[in-house]
1. Have a look at P314, P335 and point out the one that is more than 11 Å from the ligand (Cβ to nearest atom) and either open to solvent by less than 10 Å² (accessible area, probe 1.4 Å) or farther than 23 Å from H405 by Cα (or both).
2. Would you be able to tell me the number of residues in segment 49-61 that are under 23 Å from L330 (Cα atoms) and open to solvent by 10 Å² or more (accessible area, probe 1.4 Å)?
3. K439 - would you say it is in the same structural domain as D358 (by TED's automatic domain parsing) and either at pLDDT below 95 or basic (K, R) (or both)?
4. Condition test on V186, is it open to solvent by less than 20 Å² (accessible area, probe 1.4 Å), touching a residue at least 40 places away in the same chain (Cβ under 8 Å) and touching a strand residue (DSSP E or B) at 6+ places or on another chain (Cβ under 6 Å)?
5. With the requirement that a residue be under 27 Å from the mean Cα position of the chain (by Cα), surrounded by fewer than 18 Cβ atoms within 10 Å (Cβ to Cβ) and closer than 23 Å to E170 by Cα, what does segment 195-220 give you?
6. Please identify the pairs in which a residue from segment 247-270 that is β-branched (V, I, T) has its Cβ atom under 8 Å from the Cβ atom of a residue that is within 16 Å of the ligand (Cβ to nearest atom) and assigned to a helix (DSSP H, G or I), counting only partners at least 6 apart or on another chain.
7. F271 is checked against (1) part of a helix (DSSP H, G or I); (2) more than 16 Å from the ligand (Cβ to nearest atom) and fails just one. What number does that condition carry?
8. Return the only residue of P125, P174 being in a helix (DSSP H, G or I) and surrounded by fewer than 16 Cβ atoms within 10 Å (Cβ to Cβ).
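The values are calculated or read from the model by the stated rules, or taken from the named source; none is laboratory data. Computed from a predicted model, the values in this text were never measured in an experiment. Cβ atoms come from the backbone with ideal geometry, glycine included; neighbour counts cover every protein chain shown. Keep in mind that these areas ignore ligands, DNA and RNA; they rest on the heavy atoms of the full protein, side chains included. Shrake-Rupley method; radii C 1.70, N 1.55, O 1.52, S 1.80 Å.
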Amino acid sequence: MLKNFYVSTPIYYVNDKPHIGHGYTSIAADFFARFNRLAGREAFFLTGTDEHGTKVANAAEAKGMDPRTFCDGVVTHFVEAWKSLGVDYNYFVRTTDARHEKAIQKLLTVLNEAKTPDGRDAIYPGVYEGLYCTGCEKFLTEGEIVDGNCSIHKTPAQHLTERNYFFRLEPYLPIIKEKVENNELVILPDERRREVLGLLRMGLPDFSISRESVTWGIKLPFDPSQVAYVWVDALPNYISAIGYGDDPEMFEKWWANAEVVHLMAKDILKFHCLYWPAMLMAAGLKCPDKIFIHGYATVNGEKMGKSAGNQIDPHRMTEIYGVDATRYLLLNQYPFGADGDIKETEFVARYNSDLANDLGNLVSRVAKMINQYCHGRIPEPRANVVGKKEMMSMAEDLPDEVFDHVRNFRITDAISSTWNMIRATNRFLENAAPWKLAKEGDMEAVGGVLYTAAELVRVVTILLYPIMPEKMREVRKIFGLDDSTLTLDSARTWFDLPHGNMVTFKTSVFPRLDADKVPSLVAPPREPETETVDEIGLVTYDHFAKMRLRVAEVISAEKVKGADKLLRLQIDLGSEKRQIVAGIAQHYAPEIIVGKKIVVVANLEPATIRGIESRGMLLAAQKDGQLTLVTVDKDIPAGASVS
Ligand code: MSP
């Protein structure tokens with residue numbers, strides 16, 4: 001009996017929207033969870049977002065938002081993206097969840113009391129020295145310093161020292177090395193395992209687990225003047241989400257008694273393969289069983305990035321190709337584990353040859369012929385069908401062959417083994433030629449061939465379900481099959497297709513795409529941004545004139561439930577009434593603000609804040625954290641423009 005299966009993606013930073021690179025890991029995790037469930041295992045699939053730290057706080061500040069409200073907004077993009085990619089997780093963890101915070105504080109307390117294998121304190125206070133950028137509000141890494149300056153702010157990096165707590169890593173390294181060497185901690189692919197062993201040979205310094213200068217984070221329970229370092233906050237999401245802080249039974253089931261698999265790209269190998277196992281050992285917990293590190297995807301040969309303008313939006317890809325084809329095209333473009341290039345020029349050809357031709361045509365042909373020759377019902381199986389024996393023996397071995405690939409993270413091999421059978425089934429039909437048999441009037445033989453072909457299609461729908469869940473359900477419906485036999489056991493069982501089932505075929509499952517009509521995945525390059533701010537901060541009048549500032553009268557105001565900083569305002573803009581959400585609840589009571597004439601930016605992009613649509617932004621002056629509304633000093637009607 002196989003153990004429960006627990007698979008995770010990294011929790012993604014919310015300083016940016018998700019792109020198809022994040023989608024790649026999430027689809028892969030979804031694929032593994034679904035496949036293992038087919039095989040009869042209980043599976044738990046975790047994903048989520050990493051919301052603390054300076055990076056996120058800065059991104060929020062740049063938008064003039066408090067970090068929590070900002071995170072609430074960006075998280076919805078992740079949730080929506082996973083929905084559009086058919087990523088069906090069991091739990092979505094956010095590091096700002098109260099549950100996660102509680103678990104982190106528990107873990108930090110445990111770590112603070114822990115002793116290393118050689119009897120020293122696992123956590124100790126120390127001093128962090130480094131080059132600091134006040135613009136970034138963080139210590140800079142070597143790569144972030146150019147000629148002594150911060151590479152972003154171009155200001156001199158300052159030598160600073162900060163009081164921090166440290167994790168004593170060194171005593172754990174030989175134990176991790178042993179676990180990696182004897183495959184108690186399996187690191188895949190082998191190239192990454194060698195990389196980890198290389199890092200272990202070099203040795204690594206202790207790492208700091210807290211920050212004094214950062215405020216957006218979880219306070220250390222034993223020293224509230226410090227917050228947990230983002231990685232110390234983030235890595236334990238894998239245990240906080242399954243009950244480490246509050247549900248021992250659940251935690252036991254999905255950590256101690258499960259096969260724990262972490263998926264990620266190579267950018268975060270060190271944290272997962274070294275820091276995380278060491279932290280777990282110090283806390284007296286087992287290490288993950290397997291860490292699979294896949295490659296880094298480029299797009300059309302270039303590194304994916306905001307500035308390169310080549311980030312592929314998951315929604316755009318699913319709009320063009322559909323959710324299942326998107327999953328197939330992404331996971332099947334290069335082997336899982338290798339670096340690869342998302343070549344959109346190959347997508348249409350691949351879609352047409354694999355999905356529209358090989359698979360789509362097979363389904364259409366079989367269903368149409370059953371309609372035409374067998375009164376629309378699955379015919380009875382027959383013994384002597386030409387080529388059936390070979391097909392049956394191929395189908396017999398296939399489910400276990402594919403599951404073996406899946407268990408070893410060989411996604412492209414799992415797909416290509418299944419495709420071999422799809423192509424063989426097409427050849428079987430060509431050879432058996434039921435249309436010829438029908439002409440000869442041998443309808444029993446026709447039925448025998450078509451039963452065999454439909455049976456093979458049924459096996460295919462099971463094996464491809466984890467990669468193309470929607471379409472495979474659609475195909476099963478055509479042949480009168482529901483989800484109750486969507487199991488690997490059923491794929492292993494010949495004659496599991498009940499004869500007499502109604503076949504209802506309407507349109508082809510993967511309609512052909514016309515390469516000339518398929519739009520580009522990469523959003524058209526943005527107009528190069530014209531320099532709008534000169535060196536001393538002057539803007540042109542034309543640029544200022546783009547802002548529509550208007551006088552508005554506040555008609556009503558109420559506090560937003562669960563957000564102590566937000567007010568929901570209904571405002572009158574003269575020609576229209578609107579709703580805006582403003583972060584001023586701690587400065588103005590709702591009854592005070594009603595009736596005031598304020599100034600708003602009327603042409604700001606709408607935003608959803610805490611699930612409430614906000615169309616516009618009010619202006620307020622700020623000093624020492626105090627906000628004062630910008631108002632007009634004579635009576636002027638709502639809607640008047642401000643310039
Ligand atoms: N927040 C940390 C992870 C904490 S996990 C305890 C983080 N976040 S991230 O948003 O930067 O996500 C990195 C991960 O996103 C990669 O490890 C990978 O899973 C996925 N990818 C992002 N861009 C990618 C590519 N271009 N190619 C492949 N995967 C990519 O690091």
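1. Details: P335 fails: either open to solvent by less than 10 Å² (accessible area, probe 1.4 Å) or farther than 23 Å from H405 by Cα (or both).
That would be P314, the only listed residue that is more than 11 Å from the ligand (Cβ to nearest atom) and either open to solvent by less than 10 Å² (accessible area, probe 1.4 Å) or farther than 23 Å from H405 by Cα (or both).
2. Applying the first criterion (under 23 Å from L330 (Cα atoms)) to segment 49-61 yields 49.
Pick out the ones that are also open to solvent by 10 Å² or more (accessible area, probe 1.4 Å) and you get none.
Number satisfying all stated conditions: 0.
3. Working: in the same structural domain as D358 (by TED's automatic domain parsing): yes; either at pLDDT below 95 or basic (K, R) (or both): yes.
Taking the combined requirement at face value, the residue satisfies it.
4. Numbers: open to solvent by less than 20 Å² (accessible area, probe 1.4 Å): no; touching a residue at least 40 places away in the same chain (Cβ under 8 Å): yes; touching a strand residue (DSSP E or B) at 6+ places or on another chain (Cβ under 6 Å): yes.
Taking the combined requirement at face value, the residue does not satisfy it.
5. E195 - this is the single residue of segment 195-220 that is under 27 Å from the mean Cα position of the chain (by Cα), surrounded by fewer than 18 Cβ atoms within 10 Å (Cβ to Cβ) and closer than 23 Å to E170 by Cα.
6. V260/Y238; V261/F32
7. Among (1) part of a helix (DSSP H, G or I); (2) more than 16 Å from the ligand (Cβ to nearest atom), F271 violates only (2).
8. Numbers: P125 fails: in a helix (DSSP H, G or I).
So the residue among P125, P174 that is in a helix (DSSP H, G or I) and surrounded by fewer than 16 Cβ atoms within 10 Å (Cβ to Cβ) is P174.
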